[in-house]
Amino acid sequence: MTEAFKTRRAEYADATREALLDAARELFTAQGYQQVSLEAIAQKARVTRGAFYHHFSGKPELLDALVVALQAEATARVRAASAAASPSQRVGAGIAAFLDVCSEPAYRHLVLETAVAVLGAERSRDIEEASTFGLLTAALQAQAERGSAAAKNVPLAARMIGRMVCESALLIDSAEDEKAFKADVQRLVKRTWDAVTAGTRPKA
């Protein structure tokens with residue numbers, strides 16, 4: 001009986017946390033992080049202020065958890081797109097998926113625009129390295145291990161390529177033709193990738 005009660009309580013706690021994250025995601029994206037109060041988030045999630053503080057110390061910690069969740073979703077989508085493509089198309093498929101993610105309002109506003117200002121550059125980098133940028137690093141590292149002559153500083157190359165995609169996503173809203181703009185970005189990023197990994201030779 002006690003074990004069952006603990007399980008139900010844990011399930012309720014998980015549901016409350018997810019409700020708070022969902023509410024924050026919607027409100028922060030629509031209104032902006034600074035404009036949303038704790039009371040508004042709790043009300044949207046249909047929980048008490050006390051329930052909010054049971055899970056998060058305040059808005060910054062809530063945003064941190066939300067950015068981690070958004071990055072995890074992005075990583076899963078990029079990994080799935082790459083895995084579904086043929087070996088020769090995996091890099092391009094991953095880049096296209098990452099650009100699509102970066103273009104979405106929640107990711108763009110919260111991860112690309114708000115996270116650094118609220119969480120700080122160091123924390124934002126840590127989250128990136130454990131998620132989306134980590135995929136780029138792993139892919140480039142695989143190239144380097146096969147004998148790439150160009151990709152000597154893999155973390156730097158991964159961060160530069162990742163930043164190209166992120167910064168390009170911030171310009172999509174002002175593009176006259178979004179589809180053509182995305183195609184241009186994908187070509188430029190792919191050319192950069194090819195230049196970084198130029199000279200790859202299988203090891204004997």
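The values are calculated or read from the model by the stated rules, or taken from the named source; none is laboratory data. These numbers were taken from a predicted model, which means no experiment stands behind them. No Cβ is skipped: glycine too gets one built from the backbone with ideal geometry, and neighbour counts run over all protein chains shown.
When the stretch 104-138 is limited to residues that are of a type in the set (Gly, Ala, Ser) and surrounded by fewer than 20 Cβ atoms within 10 Å (Cβ to Cβ), the one that is nearest to Leu171 (Cα to Cα) turns out to be Ala106.
Counting only residues that are free of Cβ contacts under 8 Å to residues at least 40 places away in the same chain and not in a helix (DSSP H, G or I), how many does the stretch 11-46 have? The number of residues fulfilling the criteria is 5. Just to be sure, is Lys190 exposed (fewer than 13 other Cβ atoms within 10 Å of the Cβ) and either more than 26 Å from Leu110 (Cβ to Cβ) or not hydroxyl-bearing (Ser, Thr, Tyr) (or both)? Taking the combined requirement at face value, the residue does not satisfy it. Within the stretch 50-88, take every residue that is polar (S, T, N, Q) and in a helix (DSSP H, G or I) and give me the one that is modelled with the lowest pLDDT. Going through the qualifying residues, I end up with Ser88.
Taken as a whole, the structure leaves Leu21 outside the set of residues that are out of contact with any Leu (no Cβ under 9 Å at 6 or more places or on another chain) and aliphatic (A, V, I, L, M). Where helices (runs of 4 or more DSSP H) fall entirely within the stretch 99-195, those with at least 3 residues that are of a type in the set (S, T, N, Q) are at 132-145. If you go through the stretch 27-43 one residue at a time, do you hit one that is within 22 Å of the chain's Cα centre (by Cα) and hydroxyl-bearing (Ser, Thr, Tyr)? Yes. Inspection of the stretch 31-39 finds a residue satisfying the criterion of being more than 26 Å from Leu171 (Cβ to Cβ), charged (D, E, K, R) and not assigned by TED's automatic domain parsing to the domain that holds Glu128. Residue count for the stretch 143-187, restricted to those that are hydrophobic (A, V, I, L, M, F, W, C), more than 15 Å from Ala96 (Cβ to Cβ) and surrounded by 13 or more Cβ atoms within 10 Å (Cβ to Cβ): 10.
Among the residues here, Val91 does not qualify as surrounded by 12 or more Cβ atoms within 10 Å (Cβ to Cβ), modelled with pLDDT of 95 or more and of a type in the set (Val, Ile, Thr).
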